[in-house]
Amino acid sequence: MCTAATYKTKDFYMGRTLDYEFSYGEQITITPRNYEFDFRFSGKIKSHYALIGMAFVAEGYPLYYDAVNEKGLGMAGLNFVGNAAYEEALPEDETEVSQVAQFEFIPWILTQCATVAEAREKLAAMRLTGTAFSEQLPTAQLHWIIADKDSCIVVESMKDGLHVYDNPVGVLTNNPPFPGQMFALNNYAGVSRKQPESLQEYYSLMHIAEEWVEWESLEIFPASQDL
């Protein structure tokens with residue numbers, strides 16, 4: 001299960017795990033300001049923010065798993081199997097909003113946005129399509145966390161549309177959908193960062209953990225399997 005997390009002290013940090021059983025050939029990838037992105041629908045962009053992150057480079061194109069730009073805005077895509085659904089691409093004369101292919105979503109946001117607030121504005125006028133990069137690289141089922149030093153959001157494209165959620169905890173994992181992940185935090189309402197002061201408190205914490213395991217086994221939401 002992949003997990004992305006943010007952390008802020010006097011500085012801001014963002015990271016994620018990539019829990020695959022094998023490598024797809026991903027590598028640390030830097031995209032400089034003058035690299036020309038040719039987006040599938042919106043065309044070429046020659047001047048943009050620089051990026052660094054983990055990507056699989058296919059045919060000279062960085063397919064980012066996660067990245068951060070020079071302004072400190074970070075974004076990561078995590079598996080969302082069984083819940084992700086994307087729009088069908090439309091002819092340009094049939095839509096007034098920007099169409100963005102799923103595989104180019106991270107660079108589309110990070111090349112143009114310096115903050116989460118600016119990303120929200122882009123998301124409000126965007127259709128996320130299921131257009132594949134190629135026949136050999138089909139569309140991945142993902143949802144995304146976008147964060148800067150001041151705020152954090154989650155983006156989920158599902159059958160009922162595009163959802164943008166405030167993320168007050170700055171963490172995202174695979175399934176269930178984000179509202180379900182927030183609800184699951186209720187299972188940890190009694191957890192403290194302090195050491196238990198008594199055996200009774202220790203056993204109370206153990207009981208909470210056991211209830212969480214039992215709740216997970218109900219499979220209220222589809223489980224995620226990283227490939």
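Throughout, read-outs are computed from the coordinates displayed, never taken from laboratory work. Remember, it's a predicted structure, so these values are computed and weren't measured experimentally. Cβ coordinates were reconstructed from backbone atoms using ideal geometry, including for glycine residues, and neighbour counts include every protein chain displayed.
Between region 126-175 and region 1-38, what's the alpha-carbon centroid distance in Å? Using only Cα atoms, the two centres lie 14 Å from each other.
Quick check on my link table: of LYS71/LYS149; LYS71/LYS122; LYS44/LYS71; LYS8/LYS71; LYS44/LYS159, which ones sit more than 19 Å apart, alpha carbon to alpha carbon?
LYS44/LYS71; LYS44/LYS159
Across ALA84, ALA67, ALA76, mean-square fluctuation computed from a Gaussian network of the chain (C-alpha pairs under 10 Å connected) peaks at ALA84. Near THR139: Cβ cut-off under 13 Å, other residues only, Lys/Arg at +1 and Asp/Glu at -1. The net charge is -3.
Can you give the angle from 0 to 90° between the axis of helix 199-217 and the longest principal axis of the chain, with both taken from C-alpha atoms, to the nearest 10? Taking the Cα atoms of the chain, the angle to 199-217 is about 40 degrees.
Subtracting the Cα-Cα distance of GLU92 and ARG33 from 0.36 nm times their residue separation leaves 18.5 nm of extension gain. The candidate values were [x] 24, 21, 19; [y] 34, 17, 14; [z] 34, 20, 17; the one computed from these coordinates for semi-axes √(5λ) of the Cα gyration tensor in Å carries the label [z].
Give me the net charge of GLY60's neighbourhood, meaning all other residues with Cβ under 13 Å from the Cβ of GLY60; Lys, Arg count +1, Asp, Glu -1. Around GLY60, the surrounding residues sum to -3. Estimated at 0.36 nm per residue, the fully extended path between TYR188 and GLU70 surpasses their Cα-Cα distance by 38.9 nm. For the chain, the longest piece that avoids every one of the trypsin sites (Lys or Arg not before Pro) found in DSSP loops with at most 10 other C-beta atoms within 10 Å covers 47-158. Going from the fewest other Cβ atoms within 10 Å to the most, the residues HIS143, HIS163 appear in the order HIS163, HIS143. Per residue, the average separation of C-alpha pairs within less than 8 Å and at least 6 apart gives region 1-126 a relative contact order of 21 percent.
Given an 8 Å cut-off on Cα distances and at least 6 residues of separation, report the relative contact order of the chain as a percent.
Details: 409 pairs, mean separation 46.9, N = 227.
Value for the chain: 21 percent.
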